[in-house]
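The values are calculated or read from the model by the stated rules, or taken from the named source; none is laboratory data. Everything numeric in this text was worked out from a predicted model, so none of it was measured. All Cβ positions, glycine included, derive from the backbone under ideal geometry; neighbour counts span all protein chains shown.
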Amino acid sequence: MLAAMHKVTVFRAPLAACAGCRSMARLMGVVCLLAALLLPPEGFAAARGSAPAPIFTGGRTLKSGGDAAPAGALDMAAAVARALERNPSLGAQEAQSRASEEGRKSARGAFGPKLGMSYSAVKQERKSSPRSVRPPELGTYSWGVEISQPVFQGFRLLNSYQKAALQAESDKAALRRAELAMTEQVQTEFLAYLRAEENVRSERDSLARLRDQLRITKAFYEVGLRPRLDVLQAEVNVSEAENILIQAENTRDTAQARLNTLLGFTATAPARYVGRLGHVPFRRSLEQCLEAAYRQRPDLLMAARAVEMAARDRRMVQSDYYPQIEAYYNINQTGNTPDLQRRGDGGSRSATWEVGARAVWNVFQWGVTYYADQQAGWVVTRLRHEEEDLKLTVGYDIKSKLLAVHEAEKRIAVAEKGVAQAREAYDAALARYQEQVGTNFDVLDASANLTRAQASLTGARADYLTALAQIYVAMGEYHPDLGRR
C-alpha cells in the first residue's frame, strides 16, 4: 500500500490568536452538517413514503409478572389497546427503534469538530559529560489540546449518517409491523374465545334439549308408551352431550388464558371478555386492497430502506477511492514540573499553537477497495430482487385473504339457512314424537343436526371476522374493533 500525506501551511502564533481558528472550525462543522442534511446525494432526497408512525405513542415500561384482572369487561378494541401497551415483545421492538434513533443522532454528531486533550509525563536518565545538558530532574511534562474538523472523507460521513437515518426509519416501520401483527394475534385469539363461548352456549342448549327429551321419554316409558331402549338411548346421548360440553368449556378456558397472556394478565386471572360474532361488511375490491397494501405495508418500506442502506454501504466503501482531508488546530505546552511551570536553573517551559490540514490518500491497495465495492454492489442487487419478490408475495397475500373473506361471507349465508332448517326439523320431530307418530331416534338425530348447524354458523362468523382481521393487517391498516372506516 502506498500512502501519500500532505500537510498544508502550518502557522505558529501566540496563544491569544486561537479564537479566530475556533470560529473557523465551528463554521466548517456547520457547513458540513448542512451539506449532509440539505444536499444529500442523488436518490436520497427523492420523494418517498415516510416511515409509518407507531400505533402506541406512550412509553412502554418493563414490568415483571402479570397484572390482576381488570375491574370491568374488555371488548376487542380495549383488548387490542392493552396488548399494544403491555406486551413485552413490543417493548423490546420499541427499545430497538429508539436505539436506532439515538444512533442516527450519533452519526449526525460526526460532522462536527472534535476536541481532544492529552497529558504526558516522561522521566529520562542518561549518562553524559558535565558539559552536556542533563534532562530535568523531575521529568518532562506536556499538555495538549486539539480541535479537528473533517473537511472531506470521500462522502463516508454523509453516507454513514444517511444509513443511520434509514435504519431509524426501518426500525420505526418494524415497530409498526410488530404492532399490527400483535393486533391480528389478539383479534384472532379474541375471536377464538368468542367462538368457544358460542360453542359452549350451543352445547348447553343441546344438553338442555337432550335432558328434556330424556324426561319425556321416561314419562312415556313409565306409562308403557315407549320401550326401555328409547330411555337408554336418550341417557347415552345426554352423557355424550355432557362430555362435549366439558371439552367446549376447556377450549374456552384455554382461549381465555391465551388472551390473558397476550394482554399482560396472569394466566389464571378471571378477566371478562365481551363481544359478539356480528357481520361487518367489507366491500373493497382487489385493486383497492392492493393499492392500500403497496402504500401502507411496513415490510415493503423496510425492504426499500434495506436497498437504500445497502447503497449507502457501497458508497462508504467507495470513499476509500478519495483522499481523506481534515483541518485541525492544536495547542501544546511543555514544562519540567507537573503544573508545566519552569523551576530551577535547568528548567524549561514552552507553548505553541498550530493550525493546518492533513490529507491521507490510499493510492493502491491490491484491489481491496475495488473488490469490496463490487461485493457491496452485488448485495444491493440481491436486496432489489428480494424487494421485487416481496411485492409479488404481497399481491398473492392480499388475493388469498380477500378470497377467504368472500368464502366465509358466503358460508355465513348458507349456515344461517341451515340453522333455520335444522331448527324447523327439530321442532317437527319433537312434535311428531309427542304425538306418538315419530320415534325417539328422529328427535335425537334432529337435535344433533341442529347443534352441528349452530356450530357451523358460529365457525363461519368467526372465520369471516378472522379473515377480516388478517386482510386489514395485510393492507397495513389498524382496525382494533374490525369496524368500517
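Of the residues that make up the stretch 388-398, is at least one in a helix (DSSP H, G or I) and either within 30 Å of TYR141 (Cα to Cα) or of a type in the set (S, T, N, Q) (or both)? First the steps, then the outcome.
Kept after step one, since they are in a helix (DSSP H, G or I), are these residues of the stretch 388-398: 388-398.
Among the residues that remain, those that are also either within 30 Å of TYR141 (Cα to Cα) or of a type in the set (S, T, N, Q) (or both) are: 393.
Looking for residues that are in a helix (DSSP H, G or I) and either within 30 Å of TYR141 (Cα to Cα) or of a type in the set (S, T, N, Q) (or both), one finds at least one in the stretch 388-398, hence yes.
Given the structure, is LEU450 in a helix (DSSP H, G or I), among the hydrophobic types (A, V, I, L, M, F, W, C) and surrounded by 19 or more Cβ atoms within 10 Å (Cβ to Cβ)?
On the way: in a helix (DSSP H, G or I): yes; among the hydrophobic types (A, V, I, L, M, F, W, C): yes; surrounded by 19 or more Cβ atoms within 10 Å (Cβ to Cβ): yes.
Yes: the conditions hold for LEU450.
Report yes if GLU416 is free of Cβ contacts under 8 Å to residues at least 60 places away in the same chain, of a type in the set (D, E, K, R) and over 27 Å from ASN237 (Cα atoms), otherwise no. Give the derivation first.
Values: free of Cβ contacts under 8 Å to residues at least 60 places away in the same chain: yes; of a type in the set (D, E, K, R): yes; over 27 Å from ASN237 (Cα atoms): no.
Taking the combined requirement at face value, the residue does not satisfy it.
So for the stretch 462-471 (the condition being of a type in the set (Val, Ile, Thr) and in contact with a Ser or Thr (Cβ under 6 Å, 6 or more places away or on another chain)), does at least one residue qualify?
Initially, the stretch 462-471 is screened for residues of a type in the set (Val, Ile, Thr), giving 466, 471.
Remaining after also requiring in contact with a Ser or Thr (Cβ under 6 Å, 6 or more places away or on another chain): 466.
Taking every residue of the stretch 462-471 in turn, at least one turns out to be of a type in the set (Val, Ile, Thr) and in contact with a Ser or Thr (Cβ under 6 Å, 6 or more places away or on another chain).
Starting from the stretch 233-246, take each residue that is closer than 12 Å to PHE441 by Cα and list its partners that are modelled with pLDDT under 95 and exposed (fewer than 13 other Cβ atoms within 10 Å of the Cβ), counting only C-beta distances under 9 angstrom and pairs at least six apart or across chains.
Short answer, once both residue conditions are applied: ALA234/ARG215.
If we scan the stretch 248-262, do we find a residue that is under 26 Å from GLU407 (Cβ atoms) and out of contact with any Phe, Trp or Tyr (no Cβ under 9 Å at 6 or more places or on another chain)?
Checked the stretch 248-262: at least one residue is under 26 Å from GLU407 (Cβ atoms) and out of contact with any Phe, Trp or Tyr (no Cβ under 9 Å at 6 or more places or on another chain).
Any residue that is over 28 Å from the mean Cα position of the chain (by Cα) and surrounded by fewer than 17 Cβ atoms within 10 Å (Cβ to Cβ) - is there at least one of those in the stretch 185-198?
no
For residues that are in a helix (DSSP H, G or I) and either at pLDDT 95 or above or surrounded by fewer than 19 Cβ atoms within 10 Å (Cβ to Cβ) (or both), tally how many sit in the stretch 423-447. Step through it out loud before you land on a result.
Step one: list which residues in the stretch 423-447 are in a helix (DSSP H, G or I), which gives 423-434, 440-447.
Imposing the further condition that a residue be either at pLDDT 95 or above or surrounded by fewer than 19 Cβ atoms within 10 Å (Cβ to Cβ) (or both) reduces the set to 423-425, 427-428, 431-432, 434, 441-442, 445.
Number satisfying all stated conditions: 11.
From VAL394, VAL355, which residue is aliphatic (A, V, I, L, M) and closer than 23 Å to PRO113 by Cα? Please lay out each step first, then the result.
Working: VAL394 fails: closer than 23 Å to PRO113 by Cα.
So the residue among VAL394, VAL355 that is aliphatic (A, V, I, L, M) and closer than 23 Å to PRO113 by Cα is VAL355.
Name the residue, out of LEU262, LEU225, that is touching a residue at least 12 places away in the same chain (Cβ under 8 Å) and loosely packed, with under 13 Cβ neighbours inside 10 Å.
One residue alone meets the criteria, LEU225.
With respect to ASP230, determine if the residue is part of a helix (DSSP H, G or I), in contact with a helix residue (DSSP H, G or I) (Cβ under 7 Å, 6 or more places away or on another chain) and over 27 Å from ALA178 (Cα atoms).
Working: part of a helix (DSSP H, G or I): yes; in contact with a helix residue (DSSP H, G or I) (Cβ under 7 Å, 6 or more places away or on another chain): yes; over 27 Å from ALA178 (Cα atoms): yes.
Here the answer is yes, as ASP230 does meet what is asked.
Hey, THR337 hits all of (1) touching a strand residue (DSSP E or B) at 6+ places or on another chain (Cβ under 9 Å); (2) closer than 30 Å to VAL473 by Cα but one; which does it fall short on?
Condition not satisfied by THR337: (2).
Looking only at the stretch 161-184, which residues are surrounded by fewer than 22 Cβ atoms within 10 Å (Cβ to Cβ) and touching a Pro at 6+ places or on another chain (Cβ under 6 Å)?
Result: ARG177, single match.
For the stretch 312-328, check the following and say yes or no: at least one residue is assigned to a helix (DSSP H, G or I), farther than 25 Å from ARG104 by Cα, out of contact with any strand residue (DSSP E or B) (no Cβ under 8 Å at 6 or more places or on another chain) and not hydroxyl-bearing (Ser, Thr, Tyr).
no
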